[in-house]
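Participant: Structure below; questions to follow.
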Amino acid sequence: MGIFSRLSWFFKHQWKQYLIGVIALILVAICNVIPPRIVGNIVDTVSKRNMTINYLVKNMSLLFVIAIIQYLLRFLWQKMIYGSSFVLERDLRSKLFRHFMKMDTTFYQKWRTGDLMAHATNDIDAVRDVAGPGILTLADSLITGSSMILAMGMLIDWKLTLMAVLPLILLAVMANVLGNKIHVAFRDSQAAFSSINNKTQESVVGIKVLKALGQEKEDEADFNNYVQENIKANKKSYRLDAMFDPLTTIIMGISYIIIIIFGGLAVVHNNITIGQLVSFITYMAELMWPMYAVGSLFNLLERGSASYDRINELLAEKSSLVETKNAIKSVPSGTLDFKIDKFNYPDDPTTALNNLHFKLDSGQTLGIVGPTGGGKSTIISLLMRDFDHYRGSINFGNIDIRKYALDSYLNTIGYVPQTNFLFSTNIRDNIRFARIDASEEEVRNASQIADLDHDVKQMSEGYDTQVGEMGVSLSGGQKQRLSIARAILSDPKLLILDDSLSAVDSRTERNIEKRISENRQNGTTIIAASRLSSVENADEIIVVDHGTIVEQGTHQELLKKPGWYAETFNLQVKNSEIEGRLNHEG
């Protein structure tokens, strides 16, 4: 029952709706008391041979009226109680989604996508069932059960009632014994569902890789293992839960035996009439629902309790990115001064950046290159405020970026990663995602800068072309150029291109860089690249290796120095010439 106390914040907010629902349930219970009494009276009247048409019609009409009243009352409690439970579902989903939006990179490294989806769907559904069917089952079983027992005791015979109800104490004992075990079992069941959900998500997203490597059978076998674990966890939880119904049937059977024996003796000794015994048995039949409801109730409560624990475990996670109380909400602009003395990734003792300093004036372009794993992506992660815990500072306009409000700072950055995320909508809406009110002319202009407009015009539906899930209908180069157009449309103070031209040819790359340079004379640009031709025209180039700057200068200056940059550039030029010669000969 602890789940009800933990949801008290919601019940306090919706107390009026629940109060109306419970009152409607009480009235339904009162209505349920009347028909068995009417049936008993009819039986007694028939046994005494006093039945008349008028008497029968009168009682049948009364039963019909009660049925109509019960229908209206049941509609009312369903609307109030079930309707309120969906309010809880809405509030929890919104709260969880807002929490996801606030969390940092470390959180998403810890929690898998499929697991988060399971929390936001299956777990919330289970908690909603506590506030809907759970409240209904609890209130209805208590109200119906108590009203039937009172009717049996007050209207028929209290001694017979006491003997019939006495075996029901066994249910309370059973519930206490199985309660904790069911909670643990349902928690394991929900965790198994999360695992299978995550496995499904990974397999669907990586289906092309699976097929390309011929691993369909192996992945199917792995998936079946997850399914078996899920079945095993569910079997355990439902095996414990299934113990309630057989026990309830046995207990109700004992109660009926008591009623038949002692009720029959009471009729023989004229303590009650045959009609009263029929009414008593009818009341006992009405009491069966609350008894069976106990098993269903514990199922709902323990499943909901386990799910609520899992949801709260997520909500208890804290982001390492914390805005200061008086966070600056103005738009940052000016010189970018990057001074990192030391940075380590969380839970990793290895130094990722060490004494890495550079300065970039407004309107300039910086190229970041270097060996794989040298630290290029780490620099961009810090600029994007994926991590705020480092020794040193990053100033934008002479203000530490950690002093800016996150929305104010991040909205001034246009970020284009190598792996682009596209939404399942048309090209136009994907481009203007950051500026949904952008005009058609602005969308086309951004597309032209990104050298995408020509490709779009060749498509039958133009900018209305649906890109499909994750942009499946577009080529790798088109995805990158669409992402560049999206970033340019937002007119950012700082544009970051993270190896975002790797899927286009050299000629297209130069065209895009030229147009970006022409249209961003007042904007700062950072280009991280593996292909050195991407940074030839940068005002400054830094070569990063082992988390520090090993070379720095312009393209021409670096070519004159013996080092990684000159060696790599010459090698890439030779490779390009060889590829061109082979293509020409082919």
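Participant: With the requirement that a residue be at pLDDT 80 or above and either surrounded by fewer than 19 Cβ atoms within 10 Å (Cβ to Cβ) or touching a Leu at 6+ places or on another chain (Cβ under 7 Å) (or both), what does segment 1-13 give you?
Facilitator: Hits for segment 1-13 are ILE3, PHE4, SER5, ARG6, SER8, TRP9, PHE10, PHE11, LYS12, HIS13.
Participant: I've got another one for you. Would you check if GLN458 is farther than 30 Å from ILE541 by Cβ and out of contact with any Asp or Glu (no Cβ under 8 Å at 6 or more places or on another chain)?
Facilitator: Judged against the criteria, GLN458 is a match.
Participant: Here is a further query. For ILE274, only one of the following conditions fails: (1) within 29 Å of SER147 (Cβ to Cβ); (2) among the β-branched types (Val, Ile, Thr); (3) out of contact with any Gly (no Cβ under 9 Å at 6 or more places or on another chain); (4) at pLDDT 80 or above. What is its number?
Facilitator: (3)
Participant: Taking strands (runs of 3 or more DSSP E) that fall entirely within segment 451-549, which contain at least 3 residues that are under 37 Å from the mean Cα position of the chain (by Cα) and modelled with pLDDT of 85 or more?
Facilitator: Fully inside segment 451-549 and qualifying: 494-498, 524-528.
Participant: Just a yes or no: is a residue in segment 391-403 at pLDDT 90 or above, out of contact with any strand residue (DSSP E or B) (no Cβ under 6 Å at 6 or more places or on another chain) and hydrophobic (A, V, I, L, M, F, W, C)?
Facilitator: Yes, the conditions are met somewhere in segment 391-403.
Participant: Might you check whether a residue that is farther than 30 Å from ASN197 by Cβ, surrounded by 17 or more Cβ atoms within 10 Å (Cβ to Cβ) and out of contact with any strand residue (DSSP E or B) (no Cβ under 9 Å at 6 or more places or on another chain) occurs anywhere in segment 79-97?
Facilitator: Yes - at least one qualifying residue is present in segment 79-97.
Participant: Against the definition (part of a helix (DSSP H, G or I), closer than 30 Å to TYR18 by Cα, at pLDDT 75 or above and not basic (Lys, Arg)), how does ILE143 come out, yes or no? Before you say what the answer is, go through the steps one by one.
Facilitator: Working: part of a helix (DSSP H, G or I): yes; closer than 30 Å to TYR18 by Cα: yes; at pLDDT 75 or above: yes; not basic (Lys, Arg): yes.
Yes; evaluated as a whole, the condition is true for this residue.
Participant: A further question on this structure: State which residue is farthest from the chain's Cα centre (by Cα) when the search covers only segment 329-359 and only residues that are among the aliphatic types (A, V, I, L, M) and either at pLDDT 90 or above or surrounded by 18 or more Cβ atoms within 10 Å (Cβ to Cβ) (or both). Working first, answer last.
Facilitator: From segment 329-359, those among the aliphatic types (A, V, I, L, M) are 331, 336, 340, 352-353, 356; that's our starting set.
Narrowing the set further to residues that are either at pLDDT 90 or above or surrounded by 18 or more Cβ atoms within 10 Å (Cβ to Cβ) (or both) leaves 336, 340, 352-353, 356.
Details: LEU336: 37, ILE340: 36, ALA352: 32, LEU353: 34, LEU356: 38 Å.
Here the answer is LEU356.
Participant: Here is a further query. Out of ASP407, ASP361, report the one residue that is touching a strand residue (DSSP E or B) at 6+ places or on another chain (Cβ under 8 Å) and acidic (Asp, Glu). Walk me through it before giving the result.
Facilitator: Details: ASP407 fails: touching a strand residue (DSSP E or B) at 6+ places or on another chain (Cβ under 8 Å).
Of ASP407, ASP361, the one residue that is touching a strand residue (DSSP E or B) at 6+ places or on another chain (Cβ under 8 Å) and acidic (Asp, Glu) is ASP361.
Participant: So, in segment 427-464, how many residues would count as being within 24 Å of ARG507 (Cβ to Cβ) and of a type in the set (S, T, N, Q)?
Facilitator: 4
Participant: Could you tell me which residue of segment 363-401 is farthest from the chain's Cα centre (by Cα), considering only residues that are over 29 Å from GLU536 (Cβ atoms) and among the polar types (S, T, N, Q)?
Facilitator: Of all residues in segment 363-401, those over 29 Å from GLU536 (Cβ atoms) come to 385, 387-393, 398-400.
Next, from what is left, pick out any that are among the polar types (S, T, N, Q): 393, 398.
On the way: SER393: 35, ASN398: 39 Å.
Filtering first and then ranking leaves ASN398.
Residues are listed down the side, and each one gets a yes or a no for (1) at positive phi; (2) among the acidic types (Asp, Glu); (3) in the same structural domain as HIS13 (by TED's automatic domain parsing); (4) touching a helix residue (DSSP H, G or I) at 6+ places or on another chain (Cβ under 6 Å):
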position	(1), (2), (3), (4)
THR52	no, no, yes, no
LEU73	no, no, yes, yes
TYR82	no, no, yes, yes
ARG90	no, no, yes, no
ARG98	no, no, yes, no
ALA120	no, no, yes, yes
ALA126	no, no, yes, yes
ASP129	no, yes, yes, yes
LEU136	no, no, yes, yes
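Participant: Being more than 26 Å from PHE421 (Cβ to Cβ) and in the same structural domain as ILE368 (by TED's automatic domain parsing) narrows it down to one of GLU536, GLU513, GLU509, so name that one.
Facilitator: GLU536
Participant: So is ARG37 in contact (Cβ under 8 Å) with a residue 12 or more places away in the chain, part of a helix (DSSP H, G or I) and farther than 30 Å from ILE124 by Cα or not?
Facilitator: Yes.
Participant: Filter the helices (runs of 4 or more DSSP H) completely within segment 364-448 down to those with at least 3 residues that are in the same structural domain as ASN522 (by TED's automatic domain parsing), surrounded by fewer than 16 Cβ atoms within 10 Å (Cβ to Cβ) and in contact with a Cys (Cβ under 6 Å, 6 or more places away or on another chain).
Facilitator: In segment 364-448, no matching helices (runs of 4 or more DSSP H) lie anywhere.
The values are calculated or read from the model by the stated rules, or taken from the named source; none is laboratory data. The model shown is predicted, which means the values in this text are computed figures rather than measured ones. So basically every Cβ, Gly included, is an ideal-geometry build from the backbone, and we count neighbours across all protein chains shown.
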